[in-house]
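Structure, as structure tokens:
The values are calculated or read from the model by the stated rules, or taken from the named source; none is laboratory data. On a predicted model such as this, the values are computed, not experimentally measured, just so you know. Here the Cβ positions follow ideal geometry from the backbone for every residue, glycine too, while neighbour counts run over all protein chains shown.
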Amino acid sequence: MQSNEIRVFCPATIANVSCGFDVLGLALDAVGDEMVVKKTVEKGIKITKLTGQNLPMETLQNVAGVAGLALLAESDYDGGFEIEIYKKIKAGSGIGSSAASSTGAVWAMNELIGKPFTPLQLVKFAMEGERLASGVAHADNVAPAIFGGFTLVRSYTPLDVVKINTPPELYATVIHPQIEVKTSDSRRILKTTISLEDGIKQWGNVGGLIAGLFTEDYELIGRSLEDHIVEPIRSILIPGFDKVKEKALETGALGCGISGSGPSIYALSKGEAIANNVAKAMTDVYDKIGIDYDIHVSKINAKGIKII
Ligand code: HSE
């Protein structure tokens with residue numbers, strides 16, 4: 001018998017992965033929200049509990065509510081849902097807080113009504129939550145949360161998501177300096193055109209990263225984690241960014257850059273021991289500057305959202 005209620009883990013995600021602005025993303029294992037979703041006879045969506053962050057609970061103001069309504073609008077199911085959200089990911093941290101809530105809602109609803117929708121359709125619904133959060137329906141956080149591992153949004157129109165292989169020894173280190181950078185603000189400061197010269201460097205790196213992930217060539221992954229377009233502009237908003245990156249690379253990280261729209265900074269390393277050393281190097285920088293932070297070391301989450 002199908003159950004009427006499930007509890008899910010919704011992973012944090014790193015969008016962009018340096019070279020892939022708005023197209024590349026990966027899911028984390030060690031950080032994520034929890035949600036409980038229940039079927040109700042009453043139609044519509046109600047957020048009945050929200051802990052851990054101060055966020056709106058009105059359905060139309062909440063990313064889980066809006067994403068859920070997008071699913072309901074295309075579903076034959078004639079009931080509704082109640083959602084409890086237990087936030088562990090801080091809003092505005094740059095590791096996909098809104099994406100975790102949006103994807104958790106639609107993924108769990110789909111499970112409860114017998115999985116009528118494909119993962120790609122779930123990405124589309126969850127993108128409505130991203131539209132509410134940042135003004136732009138980007139898919140680079142929601143896609144890895146749903147598909148797991150690394151994902152590439154090959155195209156937005158039509159939406160086409162490709163799941164990329166995850167090399168088993170890859171670990172992420174993420175440091176979140178306690179300053180707030182809103183995605184909408186950090187998008188506004190970007191230029192809308194790029195030079196051909198920068199384009200050449202950037203798509204060379206995107207291709208290199210994808211090839212490195214599939215062939216599990218860690219050196220190639222490292223060489224490809226470069227961003228010539230967005231990082232030079234956005235890094236100005238993140239105190240200590242250059243120093244954190246320098247120290248992470250010196251300590252053995254394969255690459256280091258801004259996580260999503262920041263202010264979190266991520267590094268990828270081969271093996272947990274190096275990822276832990278990188279965490280120490282990153283925290284040393286912020287300890288010296290005197291900025292508080294959260295730090296996470298995580299394996300890449302190859303599965304994405306799961307029932308717990
Ligand atoms: N690709 C988006 C951006 C991700 O960089 O604005 C936001 O988390």
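Odds and ends about this structure:
- Residue ID - nearest to C10 (Cα to Cα), chosen from residues in region 128-152 that are touching a helix residue (DSSP H, G or I) at 6+ places or on another chain (Cβ under 6 Å) and aliphatic (A, V, I, L, M): A145
- Flag for G199 being surrounded by 20 or more Cβ atoms within 10 Å (Cβ to Cβ), away from the ligand (no atom under 16 Å from the Cβ) and free of Cβ contacts under 8 Å to residues at least 60 places away in the same chain: no
- Residue that is surrounded by the most Cβ atoms within 10 Å (Cβ to Cβ), among those in region 237-265 that are modelled with pLDDT of 95 or more and among the aliphatic types (A, V, I, L, M): A248
- Any hit, region 278-289, residues being in contact with a Gly (Cβ under 7 Å, 6 or more places away or on another chain), within 16 Å of the ligand (Cβ to nearest atom) and either at pLDDT 95 or above or outside the structural domain of A139 (by TED's automatic domain parsing) (or both): no
Per-residue answers, yes or no, for (1) in contact (Cβ under 8 Å) with a residue 24 or more places away in the chain; (2) in contact with a Pro (Cβ under 9 Å, 6 or more places away or on another chain); (3) of a type in the set (D, E, K, R):
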residue: N4; (1), (2), (3): yes, no, no
residue: T13; (1), (2), (3): yes, yes, no
residue: L28; (1), (2), (3): yes, yes, no
residue: K38; (1), (2), (3): yes, no, yes
residue: T51; (1), (2), (3): yes, no, no
residue: L55; (1), (2), (3): yes, no, no
residue: L60; (1), (2), (3): no, no, no
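- Looking only at residues of region 143-157 that are surrounded by fewer than 24 Cβ atoms within 10 Å (Cβ to Cβ) and within 14 Å of the ligand (Cβ to nearest atom), we find that the one that is nearest to L60 (Cα to Cα) is Y156.
- Exclusive hit being within 12 Å of the ligand (Cβ to nearest atom) and either among the charged types (D, E, K, R) or touching a Cys at 6+ places or on another chain (Cβ under 9 Å) (or both), set D140, D160: D140
- For region 285-306, the tally of residues that are charged (D, E, K, R) and part of a strand (DSSP E or B) stands at 3.
- Residue count, region 227-261 (criterion: out of contact with any Cys (no Cβ under 6 Å at 6 or more places or on another chain), part of a loop (DSSP other than H, G, I, E, B) and within 16 Å of the ligand (Cβ to nearest atom)): 7
- Filtering region 145-188 to residues that are among the basic types (K, R) and closer than 23 Å to S101 by Cα leaves K163, K182, R187.
- One residue from S298, S259, S235 being farther than 21 Å from A30 by Cα and touching a residue at least 12 places away in the same chain (Cβ under 8 Å): S235
- Residue match in region 22-33 (condition: more than 16 Å from the ligand (Cβ to nearest atom) and modelled with pLDDT under 95): yes
- Restricting attention to region 74-126, the residues being within 16 Å of the ligand (Cβ to nearest atom) and over 27 Å from E180 (Cα atoms) number 0.
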